[in-house]
Structure formats: C-alpha cells, structure tokens
1. Are any residues in the stretch A:174-213 away from chain B (no Cβ under 14 Å), surrounded by 21 or more Cβ atoms within 10 Å (Cβ to Cβ) and part of a loop (DSSP other than H, G, I, E, B), and if so, which ones?
2. Taking into account only those residues within the stretch A:31-53 that are within 11 Å of ligand 1 (Cβ to nearest atom) and touching a helix residue (DSSP H, G or I) at 6+ places or on another chain (Cβ under 8 Å), which is nearest to the other protein chains (Cβ to nearest Cβ)?
3. Could we say that B:Val158 is open to solvent by 10 Å² or more (accessible area, probe 1.4 Å), more than 14 Å from chain A (Cβ to nearest Cβ) and either part of a loop (DSSP other than H, G, I, E, B) or touching a helix residue (DSSP H, G or I) at 6+ places or on another chain (Cβ under 6 Å) (or both) here?
4. Here's a check for you: in the stretch A:51-67, which residue that is more than 11 Å from A:Ala26 (Cβ to Cβ) and of a type in the set (A, V, I, L, M) is nearest to ligand 2 (Cβ to nearest atom)?
5. For residues that are over 19 Å from the mean Cα position of the chain (by Cα) and farther than 22 Å from A:His229 by Cβ, tally how many sit in the stretch A:244-267.
6. When the stretch A:129-142 is examined, which residues are found to be of a type in the set (A, V, I, L, M, F, W, C) and either more than 7 Å from chain B (Cβ to nearest Cβ) or within 15 Å of the chain's Cα centre (by Cα) (or both)?
7. Please indicate, with yes or no, whether at least one residue in the stretch A:166-180 is of a type outside the set (A, V, I, L, M) and within 26 Å of A:Arg6 (Cβ to Cβ).
8. Checking the structure you have, find out if any residue of the stretch B:195-208 is touching a residue at least 40 places away in the same chain (Cβ under 8 Å) and within 14 Å of another protein chain (Cβ to nearest Cβ).
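The values are calculated or read from the model by the stated rules, or taken from the named source; none is laboratory data. Just so we're clear, the structure is a prediction, and the values are computed from it rather than from any experiment. Note that we place each Cβ from the backbone using ideal geometry, even for glycine, and neighbour counts take in every protein chain shown. Accessible surface areas use protein heavy atoms only, side chains included; no ligands, DNA or RNA. Shrake-Rupley method; radii C 1.70, N 1.55, O 1.52, S 1.80 Å.
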Amino acid sequence: MELNIRDPEPGLRVTGLRVSFHGRPAVEDASLDLPRTGVTVLLGRSGSGKTTFLRALNRLNECFPGCETTGSILLYPGGRGGEGLADGTPTTPCGVPGPDGPCDVLGPSGPCDVLGPSGPALTELRRRVGMVFQTPNVLPMSIRRNLLLPLELVRGQLPDAPARMQAVLTDVGLWDDVRQRLDRPAAQLSGGQQQRLCLARMLILQPDILLLDEPTASLDAATTRDVEHLVRRLAADRPVLMVSHSLGQALRLADRVVIFANGRPQREFTPADLGGDAGRDALMQALL
Amino acid sequence: MTGRPISPEPRHLPDRRIPSGARPRTREHVLTVAAWLAAVLVVSVAAVGCAYLLWRGVPTLGRALFFGDTPPLLAMAGLRPVWDGIWPACAGSLYLVGLATLLVLGPGVGCGIYLAEYAGPRARRHLGLAVELLAGVPSIVMGLFGFTLILVLRRTFVPQANTCLLLAAGCLALLVLPPLVVSTRAALESLPHGLRLTGAALGLTREQIVFRVLLPEAGRGILGGVMLAMGRAAEDTAVILLTGVVANAGLPAGLLAKFEALPFTIYYTAAQYQTEDELARGFGAALVLLALSGSMMLGAGALQRVMERRHKGEDAWN
Ligand SMILES: Nc1ncnc2c1ncn2[C@@H]1O[C@H](COP(=O)(O)OP(=O)(O)OP(=O)(O)O)[C@@H](O)[C@H]1O
Ligand SMILES: [Mg+2]
C-alpha cells in the first residue's frame, strides 16, 4: 500500500516535480507513474495541490504569474491500439502537424521531456493531454462553436467535423438535450450540462491522456454514473488521471487510488486493497 | 425599500441592531435619492438641449437648408455647386469621419490589443504613459501640430503642400486614438482570466486565443470605443480649423483638397451670422450634426448586435 511510484511500462512518468507560486510551493517532490491504460484517482484534502499537479502535466501552470516548475515529466510513446474513441473514430497517428509544427509528443522515438528545452510544442502537448477543469468553463459562444471552433483551430477544417460533434455529444449523454439548440449560447446550459460539454470539447480533440479535475462535481447521480462509464471506456486505451472528492466514486472507478497530501502523492491503494475493511480503514486514515 | 430582514435574527446577537440598523437605512435613502436626482439631472439636461435644438432647428429642415437653390440631384452628383446650403458640409463631415476612422482603427485597436495581451510590464508602463499623454493633448494643439507639419513640409520636401482633408483626418485620428486604445484594452482586460486558460488548455496558440476567442468576446467594448472615437471626430472643430476646413469649398474634391464640415459651419454661422435666417440655418446644421452622429451610433449598435448573434449563437428564437 506504500506508494509504488514506478511502473515498468509507464505512459507518463513524473519525477521530483516541484511547482511554486511566488516562491510558495504548491507541489513539492512529487513523483508518480501513470500506467498506459486505466484510471488513477487522486484523493486528497482541499488545497493539497491536486489541481496544480494536474496542471503541471500540460504545463498550464505557466499561465499563472509567479509560477515556477522544476523536475521532470516524461511522456512515453503511446501503446494505443489505434481504435481511438468509443465511437470508433480512429485517432490520427503521430506526425499530424499541429498549428505550430509537427507533433512530437508521444512520438515513436522514446519518451519526451515535457519540461525540457527540447520539449513538445506547447499547443500540441495540450491537445494531447486533455483536461477538464474543476468548474465548467464553456466558451462564451454557441454550443456548436464550443466544439467546432477548438476542433477547427487545432486540427484544421475537417469534413466530418459535424459527425464528430454528434459523436462526442452522444458520448457524454448530451446529444438528446442539445440537438435542438446547438446554436444557442452554451452559457444557457445547466451547470452539469456545461461540465459535460467541456468533457465533449476535450474528447473531440482526441487526447491521448485525460486529466479530469472533479468532472462530476456538479452532476446528478444518474449522469455521474454515465460519465463514470464513459471514463472507464476511455481508460481502456489511454491513461486517465482523475481528481475526486468522492470515496464511493474512487472505489467504483479506480484501478488505482493515490492519496495526495502536502503537495505530493503519498500512498496508493488498489481495488484489491480496498476490498477489505482493513484497506478502507487505512484509506480513511490516510485521508485524514 | 424598507424591507425587513427576511431571515430571523440569531438570538445570541446583542440587541444593538435597532440603532445600528437605523442609521444605514437613512443613509441608504439619501444615497438612493441622490442617485435618482443625478439620473434625472442628466436626462433633463439632455432633454432640454435636444428640445431647444429641435424647436429652433426643425422649422429650417428642408430642401433649402441642404441645397439652397441648387437642384438636389445635381448637387448630390457634384455637378452643380451649392452656395447657401449645408450639403457640402454634411458630405465633408462624412468624408472626414470616415477617413479618420479608417486611419485610427488599425493603430488604435492594435495598440489596445498589444497593451492588453502582449506587452510586458515595462512596455505596458511606458506605452500606457504615452497614450495618456496623447489623451491629454488639447485638440487645438493637435491642429497646430498638423499646421506645423505642413509648414515644415513646405520648407523641405514638398513646397506645394497645403492643409487638406487628409491632413485634417490624420490629426483627428491622432486626437481620437487614445480613447480607442483605452477602450480596446479595457474590453480585453475585463474578460475573465479563465477564458485564456480554457483556450490554452485546448491547445490553442496565443494568437488563436486572442483573435478567435477574446476579440469577438470583447467586440462590444471595442465597438463602443469606435463609436466614441467617431463621435469625437464628428464634433471636433479646433483640429480642422487649422488643418484645412473652409467656409466655401463645395464638395471635397479629393484627399488633398480643402473641405467643409458641419461643426465648422455651425461655428462660423454662430460667429458671423447677419440675418435671423442665417442663424436659423445654423440651428438646422446643428440638428443635422446631432442626427448624423446619432445614426452613426445606431448603425454601430446594429452591427454589434449582428456580430454578437453570430458569435454567441442565435438567441432570437427564444
Ligand atoms: N495561481 C495560483 N497562484 C498562487 N497560488 C496558487 C495558485 N494555484 C494554486 N495555488 C496554491 O496552491 C495550493 C494548492 O492548490 P490546488 O488548487 O492545487 O489545490 P487542490 O488540491 O486542487 O484543492 P481543491 O480540492 O480544493 O480543488 C493552494 O495553497 C493554493 O493556494
Ligand atoms: Mg482543485
């Protein structure tokens, strides 16, 4: 149950990560491997640095003033079966040029250092490492544009863009709700619908790694189950790192539960560990 | 507005609430009344001004005000000069405002975008200071600047240079540049930071975030700035006074020609009128100027609504 940070075949390897804002560390000495597939759930108290850790993986912390990131984050070439999204759309192989140069994330030539000087083009990294925020953040445009604008800007004009839109909206269980009002402002959707739209917006870009920051915080029980099923499906061929505050969700969903405290992953549990009362007690202990 | 607290007060609070509650309530009343008075003041000043202008101006409206004795169609086509009508001044004002807007749009909006999105703290400070300085330049000084420029040009490279429509539009553009920069910058900076973060997380480049996400969202504020700039350009007299406006130029013959403009016509009439008729025509011209800038604003507003609908999604079928 101790943290087993090293995986023989990782999809992503974080070593000695430190993120500080104006000199105050939010994440410190964090090390973790993500396996190539499966859901890793991060559990931890508020303010323990989970969001900051997630944002370090797609270098989004750099958008904040006074942020400094050191350590190493290695992305490994994907061992994806190539079958892509749940709707069967094949994902493009590496080598598709992004808006600023050819893709060099998860390329065929060994791991690439996200933080290093020869790291990937930032925009391509962020497309491939998709993230859903803790609070819904739809763009101030119509529902349709919310999905198609990022797709167009990141992948260029695609003839099957509308089909992709329908596919991802169906995936997140939103298609029937919004098919009649695709041209209405996305901000008019309910909080849970907005969150699912954000999930769809991430999926339409066909990311290789998913970072989900409490994606079900504003969803009802039934929708939460749907999203959980979707996450499980997506995790079949890519790593998913998900923050949750719900123990039940972690138990339902996780291939691995990692306890996050004081700015770093501290312990980890597997479903097998958590099957028994002793395991659960230990988990509760670790959370407190 | 004398609402009682809706939720019951907690019991354990000391019972000071009656005196301490009463004073803010009177203060609130005073402030409310003051706010109302201020609003009424603004509205009534505007109403009185407009009413007076309408009272004096409306009777003069008609073909004669615009074209004098010249047949309108010939006058509009520029085939026959207009001697005692304000049509050349209207056309001159339109040309002037259009040209000044054309000249200021790129630098103004561009500078605002640079300040809000790209400038580092140092550049921001220095450029911001420069914009403020420019904003503080009185319009007559801007006119003098244009005038001096022509003097210098005459002595050096272009001996035949003279004050003209282009020069006046350029000086006007300089005059209205700061408000446009400021409103563009403010419109962009008032957008939530989360929008930038969202764009970045989706893998958009900085340019895509600025030009495809932020700018359309800030369009309302920027268009407001453009409207402000156009309004100022339409009404300013001091700048054009020194840079090429004349009382009798007819329709502007080109960018390098002299021109007439409504504000100058009004000023000139007010200062030089000899008959009551002429004064009345001045009021007519003032009314036309008001209508002109009013319709510019309405047009800009309509444009903005169309843009917004296209960007945000149809809201009309609600
Ligand atoms: N942009 C920022 N600027 C300064 N400090 C920040 C910033 N973002 C996060 N922090 C600090 O880093 C620490 C960790 O924050 P973080 O958002 O990662 O916590 P969290 O584990 O996601 O919490 P929660 O469960 O409430 O979402 C906090 O102390 C926070 O104040
Ligand atoms: Mg968080």
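1. Result: A:Leu174, single match.
2. To start, the set of residues in the stretch A:31-53 that are within 11 Å of ligand 1 (Cβ to nearest atom) comprises A:42-53.
From the residues that got through so far, the ones that are touching a helix residue (DSSP H, G or I) at 6+ places or on another chain (Cβ under 8 Å) too are A:42-45, A:52.
Numbers: A:Leu42: 18, A:Leu43: 23, A:Gly44: 21, A:Arg45: 24, A:Thr52: 13 Å.
Per the criteria, the residue is A:Thr52.
3. Criteria met by B:Val158.
4. A:Leu54
5. So the count comes out to 4.
6. At the first step, the residues of the stretch A:129-142 found to be of a type in the set (A, V, I, L, M, F, W, C) are A:129, A:131-133, A:138-139, A:141.
Residues satisfying the conditions are A:Val129, A:Met131, A:Val132, A:Phe133, A:Val138.
7. Within the stretch A:166-180, the subset of a type outside the set (A, V, I, L, M) is A:166, A:170-171, A:173, A:175-177, A:179-180.
In the following step, the residues that additionally are within 26 Å of A:Arg6 (Cβ to Cβ) were identified as none.
No, because not a single residue in the stretch A:166-180 is of a type outside the set (A, V, I, L, M) and within 26 Å of A:Arg6 (Cβ to Cβ).
8. To start, the set of residues in the stretch B:195-208 that are touching a residue at least 40 places away in the same chain (Cβ under 8 Å) comprises B:206.
Imposing the further condition that a residue be within 14 Å of another protein chain (Cβ to nearest Cβ) reduces the set to B:206.
There is at least one residue in the stretch B:195-208 that is touching a residue at least 40 places away in the same chain (Cβ under 8 Å) and within 14 Å of another protein chain (Cβ to nearest Cβ).
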